Amino acid sequence: MGEAYAKAGRSAGIRQVLALLLKTSDVSQALITRMYLIRGESEQAIRWYEKAFDERDPFVVWIRWTPQESLVWKDPRFQNLVHRMNSTQ
């Protein structure tokens, strides 16, 4: 849903989806990360990636293959996270 709002240029919709996800107790942290990436908030995205990894979110393995991640690819914290993921396989 957040991606559809982004494609339509509706940032208010993205904010609403993110707010709803943050209130939901059993939502994938990788999904929250994705919403922050769509919004262009790399600092929050990295923070949520690390949470997703630490809590073994099953969707975190896809972080290297979606276009939004280009926002954080060069960030040393993201590179460290990818390295840590590769080390635990």
Could you identify the single residue in I46, I38 that is closer than 12 Å to F78 by Cα, β-branched (V, I, T) and either modelled with pLDDT of 90 or more or surrounded by 12 or more Cβ atoms within 10 Å (Cβ to Cβ) (or both)? I46
In region 59-82, the residues that are at pLDDT 85 or above and surrounded by fewer than 13 Cβ atoms within 10 Å (Cβ to Cβ): P76, N80
Residues of region 22-35 being at pLDDT below 85 and β-branched (V, I, T), in sequence order, are T24
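The values are calculated or read from the model by the stated rules, or taken from the named source; none is laboratory data. Everything numeric in this text was worked out from a predicted model, so none of it was measured. Ideal geometry is used to build each Cβ from the backbone, glycine not excepted, and the neighbour counts take in all protein chains shown.
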